[in-house]
Amino acid sequence: MLDCAIIGGGPAGLTAGLYTTRGGLKNVVMFEMGMPGGQITQSSEIENYPGFYQHGKTGMDFMNTWQEQCFAFGLKHEMKKVERVSKEQEHFIVTFEDGNSVKAKTVIVGTGSTPKRTGIKGEDEFWGKGVSTCATCDGFFYKNQEVAVLGGGDTALEEAHYLSNICSKVYLIHRRDKFRAAPSTVERVKKIDNIELITDTIIEEIEGDMMGVTGVRLKNLKTGEKSNLKVSGIFIFVGHNVNNSVLKDENGNFICDMSDWGQVIVDLNMKTSLKGLYATGDMRIEAPKQVVSAAGDGAVAALQVISYLQEEG
Ligand code: FAD
Ligand code: NAP
């Protein structure tokens, strides 16, 4: 029986692995369906992780050293996709895609969330070259430049506000004239001088060249009018899919409490409503969706696991 099964090998899972093994747990396995590292390995540059400030280093460069450090203290990695986690009496069963399973005394889940894509022409081509889903990560690259934000939910409006403090102008493009975001947020954003709302409008194409995005081609859905907008960045906020399927039982019911938006409800110790199960990183409620916070969650959960095992035996 494992002391702890860690599901997901992003910043949250790797940090949980480091802290559990360095904290003395002998039998810890991290199940990651791909190469460890998580979403940040897709990033062309990371410059907001304290203590790591090397111009030109990619997310992949950044995460490579994490793996080396975590495995040095005894964390084991198995490249397996977890199908589900269930609890029987006092222990957990982690079942894999291939039907095999392992038993574990505790489980830390950190399977992340995936920003939804739109399928707009040019989105894939310029992904990471002007197309972004993270204002905190990439906003600074567009300092004093004009950018566009797509979406009409809370995330789009809040991130447009964030970007308005960095960029010279933010065009907020939304396909309807009613916003899904909270009315108070909409009112706040409307008062910001350098945010221009472009409603009833879709992006037909994201245009660019060798250097990246140069603009977007717009279509007004009410008038049919087409226009071009010159921007060097486009931030897409059209919702997230939380990777929460491992927490569903065979009947499709969640094994712990979840928010209406599919995020795992945790307390400040990353404890879920199910004893011995912890959730970390982008998949938890109110996640800041940053590497530094995901790593913090992993450390918190690991320390809790160590205390839990000491108390429960
Ligand atoms: P993830 O990194 O998403 O890791 C989850 C892992 O779980 C993945 O490796 C996945 O393969 C695995 N997994 C999922 N389901 C299963 C399963 N069923 N079985 C086994 N394994 C599974 N943050 C910053 O702080 N600064 C930045 O500059 C920055 N830039 C970014 C740029 C891009 C392009 C992207 C996409 C994100 C960026 N972020 C940045 C956000 C940051 O990457 C995330 O907040 C962080 O990676 C979340 O960590 P996590 O461990 O919670 O989840
Ligand atoms: P969301 O509420 O689902 O909003 C997504 C937005 O993207 C909608 O305006 C939607 O348009 C638009 N959209 C979806 N697909 C699109 C496409 N293909 N092309 C163009 N536009 C598209 O997502 P979210 O903003 O990420 O929020 C997710 C949840 O988290 C929400 O419940 C939100 O309230 C919550 N949240 C809360 C806070 C907060 O309380 N401070 C902050 C952030 C998020 P339509 O409106 O036309 O469907």
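Values as computed for the structure displayed
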| quantity | calculated |
| --- | --- |
| Helix 154-164 axis, angle to the chain major axis (alpha carbon atoms, nearest 10°) | 60 degrees |
| Long-range HN-HN contacts of Leu2 with modeled amide H, under 5 Å | Lys103, Ala104, Lys105 |
| The range 7-126 shape via C-alpha gyration tensor axes, a/c threshold 1.5 | oblate |
| Solvent-accessible heavy-atom area per residue, rounded to whole Å², over the range 131-236 at 1.4 Å | 51 Å² |
| Accessible surface ranking that places the most exposed of Leu303, Leu18 first, with a 1.4 angstrom probe | Leu303, Leu18 |
| Gyration tensor verdict on the range 131-236 (Cα atoms; rounded if a/c is under 1.5, prolate if a/b is larger than b/c, oblate otherwise) | oblate |
| The chain - Cys residues lacking any other Cys C-beta under 4.7 Å | Cys4, Cys70, Cys167, Cys256 |
| Within the accessible area of the range 28-115 (1.4 Å probe), percent carbon and sulfur | 50 percent |
| Solvent-accessible area, 1.4 Å probe, carbon plus sulfur percent, for the range 200-313 | 49 percent |
| Value of [θ]222 nm, deg cm²/dmol, for the chain, DSSP H segments ≥ 4, -39500 (n - 2.57) each, nearest 500 | -7000 deg cm²/dmol |
| Amide H contacts of Phe179 (H built 1.01 Å from N, under 5 Å, at least 5 apart or other chain) | none |
| Backbone HN-Hα couplings from phi across the range 101-109 [Karplus 6.51/-1.76/1.60, Hz, Gly and Pro as x] | 8, 10, 9, 9, 6, 9, 9, 10, 9 |
| Distance between the range 127-201 and the range 23-56 - C-alpha centres, whole angstrom | 28 Å |
| The chain: antiparallel DSSP beta bridges as a percent of all, rounded to 5 | 45 percent |
| Value of relative contact order over the range 131-236, rounded to a whole percent, pairs C-alpha under 8 Å and six or more apart | 30 percent |
| Long-range HN-HN contacts of Thr114 with modeled amide H, under 5 Å | Asn241, Val242, Asn243 |
| Accessible heavy-atom area order of Ser184, Ser232, highest first, probe of 1.4 Å | Ser184, Ser232 |
| Helix axis angle, 291-312 relative to the chain longest principal axis, alpha carbon, degrees | 20 degrees |
| For Ile195, net neighbour charge (Lys/Arg +1, Asp/Glu -1) across residues whose Cβ lies under 13 Å away | -2 |
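The values are calculated or read from the model by the stated rules, or taken from the named source; none is laboratory data. Computed from a prediction, not measured in an experiment: that's the story for all the values here. Positions of Cβ are generated from backbone atoms using ideal geometry, with glycine treated the same way; all protein chains shown enter the neighbour counts. Remember, those area values only see protein heavy atoms, side chains included, never the ligands or the DNA or RNA. Shrake-Rupley method; radii C 1.70, N 1.55, O 1.52, S 1.80 Å.
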